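Working notes for the structure below.
The values are calculated or read from the model by the stated rules, or taken from the named source; none is laboratory data. Fair warning: this is a prediction, and the values are worked out from it, not measured in the lab. Here the Cβ positions follow ideal geometry from the backbone for every residue, glycine too, while neighbour counts run over all protein chains shown.
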Amino acid sequence: MVVILVWVDVIIIAASDMVLTSEAKQMLQERCHMKDLGRLSYFLGIDFEQGDGFVKMNQRGYLSKVLERFEMSDCKPRATPSEQKLEFGSETPCDPRRYREAVGSLVHAMTCTRPEICSVVSGLSQFLSSPLQKHWTAVKHVLRYLKGTLHYELCHRKCDDGLTLVGYRYADWASSAVDGRSTSGYCFSLNKADPLISWKSRKQPTVALSSCEAEYIALPAAVQEGLYLTQLLRNIDEVCGPVVIFEDNQGAMALSKNPVNRQGLKHIVTML
């Protein structure tokens, strides 16, 4: 099994076999500039472990340094990344520089190996200009969660049944108490048993008037990511079947099948 990670202009190859075949190396050298640096073990704060039919990714070392940097090495672990809502605590300002450093460190972990903190870190990133003490309390909650889950990792295993890109998307209607906007996100894996390979959570650009509208607006972003991942897999000579995206809102599913001009959804059909 060969896992190819595309990072900006760098292509990293993690092979579960002891030596990558010369044919595969020749194919990649014809398509892009590359150097053979041997078996991958560490890259940009990510530790890699390779074995027979699997590649594991974790950030235990990086996260331990983050906890030590913000004096949270001996903190009490938490079982969840955040409380149900971020609106708690005092309204007094906190140190903006320290807050930005902490959120930036969490963004790197969220992007690489910790998709479960994506939603809360995306929410905390919206207060970088003028953070309050309640936001710093939420940051420390995430750090306490990471303290108790340093052993979490992504394990990509060899699959003999073929690749089936599976996606899930969600929407949290009117989740922001500041401007009333909803939050939407998605995640994708190569099959239901594999870990995630792509994930994202962000605030929607418009105000949704109903949960159906918020769910329907979130669908195009998931479809776009599914199309991009399909093209990427085909470019590396991987056969990928139809993309399966799971939706749990009956109104959004009915609207996507038949976008009729209903009374409360006329503006959505026109806008999209």
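Among ASP74, ASP47, which is modelled with pLDDT of 85 or more and within 30 Å of ASP161 (Cα to Cα)?
Exactly one of ASP74, ASP47 is modelled with pLDDT of 85 or more and within 30 Å of ASP161 (Cα to Cα), namely ASP47.
Criterion first (on the phi < 0 side of the Ramachandran plot, out of contact with any Leu (no Cβ under 8 Å at 6 or more places or on another chain) and surrounded by fewer than 16 Cβ atoms within 10 Å (Cβ to Cβ)) does LEU128 satisfy it?
Yes; evaluated as a whole, the condition is true for this residue.
I'm checking my understanding of the structure. Among residues of the stretch 142-157 that are of a type in the set (Ser, Thr, Tyr) and surrounded by fewer than 19 Cβ atoms within 10 Å (Cβ to Cβ), which one is farthest from the chain's Cα centre (by Cα)? Working first, answer last.
Keep residues of the stretch 142-157 that are of a type in the set (Ser, Thr, Tyr), which gives 145, 149, 152.
Right, trim to surrounded by fewer than 19 Cβ atoms within 10 Å (Cβ to Cβ) and you get 149, 152.
Numbers: THR149: 17, TYR152: 15 Å.
Among them, the one singled out is THR149.
Can you confirm whether VAL260 is farther than 27 Å from CYS155 by Cα, modelled with pLDDT of 80 or more and among the aliphatic types (A, V, I, L, M)?
No, not satisfied.
Among (1) under 22 Å from ILE197 (Cα atoms); (2) among the β-branched types (Val, Ile, Thr); (3) buried (at least 21 other Cβ atoms within 10 Å of the Cβ), there is one condition VAL139 misses while meeting the rest; what is its number?
Every listed condition holds for VAL139 apart from (1).
What number of residues within the stretch 161-190 satisfy the criterion of being in contact with a Pro (Cβ under 9 Å, 6 or more places away or on another chain) and either of a type in the set (Phe, Trp, Tyr) or in a strand (DSSP E or B) (or both)?
Residues of the stretch 161-190 that are in contact with a Pro (Cβ under 9 Å, 6 or more places away or on another chain), as a first pass: 164-165, 181, 187, 189.
Then keep just the ones that are either of a type in the set (Phe, Trp, Tyr) or in a strand (DSSP E or B) (or both); that gives 187, 189.
Matching residues across the stretch 161-190 total 2.
Looking at the stretch 202-231, which of the residues that are hydrophobic (A, V, I, L, M, F, W, C) and under 17 Å from the mean Cα position of the chain (by Cα) is surrounded by the most Cβ atoms within 10 Å (Cβ to Cβ)?
Only one residue tops the list, namely ALA218.
With the checklist (1) modelled with pLDDT under 90; (2) out of contact with any helix residue (DSSP H, G or I) (no Cβ under 9 Å at 6 or more places or on another chain) in hand, flag the one item GLY148 doesn't pass.
With respect to (1) modelled with pLDDT under 90; (2) out of contact with any helix residue (DSSP H, G or I) (no Cβ under 9 Å at 6 or more places or on another chain), GLY148 is out only on (1).
Surrounded by 16 or more Cβ atoms within 10 Å (Cβ to Cβ) and in the same structural domain as ILE245 (by TED's automatic domain parsing): does that describe TYR99?
So TYR99 does not fit the description; no.
Could you check the stretch 24-64 and list, in sequence order, the residues that are surrounded by 14 or more Cβ atoms within 10 Å (Cβ to Cβ), more than 19 Å from the chain's Cα centre (by Cα) and closer than 30 Å to ARG97 by Cβ?
SER64
Taking only pairs six or more apart or across chains, which ones have beta-carbon atoms under 7 Å, a first residue in the stretch 242-255 that is under 11 Å from GLY226 (Cβ atoms), and a second residue that is part of a strand (DSSP E or B) and among the aliphatic types (A, V, I, L, M)?
VAL244/VAL166
Could you check the stretch 191-235 and list, in sequence order, the residues that are part of a loop (DSSP other than H, G, I, E, B) and either farther than 19 Å from ASP172 by Cβ or at pLDDT 85 or above (or both)?
Residues satisfying the conditions are ASN191, LYS192, ALA193, ASP194, PRO195.
Which number in (1) touching a helix residue (DSSP H, G or I) at 6+ places or on another chain (Cβ under 8 Å); (2) under 20 Å from THR183 (Cβ atoms); (3) at pLDDT below 90 marks the one condition that THR92 misses?
Status for THR92: all satisfied but (2).
Filter the stretch 178-206 for residues that are over 16 Å from GLN126 (Cα atoms) and not aromatic (Phe, Trp, Tyr) and give the result.
CYS187, SER189, LEU190, ASN191, LYS192, ALA193, ASP194, PRO195, LEU196, ILE197, SER198
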